[in-house]
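Structure, as structure tokens:
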Amino acid sequence: MTVLCNISEIPAQSARGFTLDGRALVAVHHNGRFFVYENRCPHRGVELEWQPDQFFDFEGNYIQCATHGALFKIDTGECIAGPCNGQALNQVAFSQIDCQIVLL
Ligand code: FES
């Protein structure tokens with residue numbers, strides 16, 4: 001098990017990028033829940049963010065790929081619009097232990 005971060009490092013309604021052992025990840029805190037995905041768009045395999053830690057669309061309702069604008073549901077990673085419609089971000093298994101997000 002590897003500690004990714006303390007939950008206090010990801011304020012509500014925000015996301016944060018991490019690189020762990022060369023693997024790009026994004027942790028999201030949305031509507032009181034946490035999610036962790038590989039930071040890799042299924043369309044071209046690139047990282048998703050617009051700028052460091054900027055992963056959401058303008059309204060903050062979806063994760064959006066900065067390259068071609070694909071939209072991903074925050075709670076499942078499913079792509080609902082864009083060139084990889086129907087594919088999904090890879091979820092990363094984790095547990096919230098005390099105040100930490102721990103990768104399994
Ligand atoms: S690389 Fe993400 S939508 Fe094309």
Name, by its number, the condition in (1) β-branched (Val, Ile, Thr); (2) touching a residue at least 40 places away in the same chain (Cβ under 8 Å); (3) loosely packed, with under 13 Cβ neighbours inside 10 Å that does not hold for Ile97.
(2)
Looking at Gln64, is it out of contact with any helix residue (DSSP H, G or I) (no Cβ under 6 Å at 6 or more places or on another chain) and either open to solvent by 60 Å² or more (accessible area, probe 1.4 Å) or basic (Lys, Arg) (or both)?
no
Could you grab me the full set of residues in region 57-93 that are near the ligand (Cβ under 10 Å from one of its atoms), of a type outside the set (S, T, N, Q) and within 20 Å of Ser14 (Cα to Cα)?
Cys65, Ala66, Gly69, Ala70, Leu71, Phe72, Cys79
Would you mind stating whether Cys84 is among the hydrophobic types (A, V, I, L, M, F, W, C) and in contact (Cβ under 8 Å) with a residue 40 or more places away in the chain?
yes
Of all residues in region 1-50 being of a type in the set (S, T, N, Q) and not in a loop (DSSP other than H, G, I, E, B), the one that is least open to solvent (accessible area, probe 1.4 Å)
Ser14
Report, by residue number, each residue of region 67-79 that is surrounded by 13 or more Cβ atoms within 10 Å (Cβ to Cβ) and in contact (Cβ under 8 Å) with a residue 12 or more places away in the chain.
Thr67, His68, Ala70, Leu71, Phe72, Ile74, Thr76, Gly77, Cys79
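The values are calculated or read from the model by the stated rules, or taken from the named source; none is laboratory data. No experiment lies behind these values; they were computed from the predicted model shown. Note: ideal-geometry Cβ built from the backbone for every residue, glycine included; neighbour counts use all protein chains shown. The area values use the complete protein model at the heavy-atom level, side chains included, leaving out ligands, DNA and RNA. Shrake-Rupley method; radii C 1.70, N 1.55, O 1.52, S 1.80 Å.
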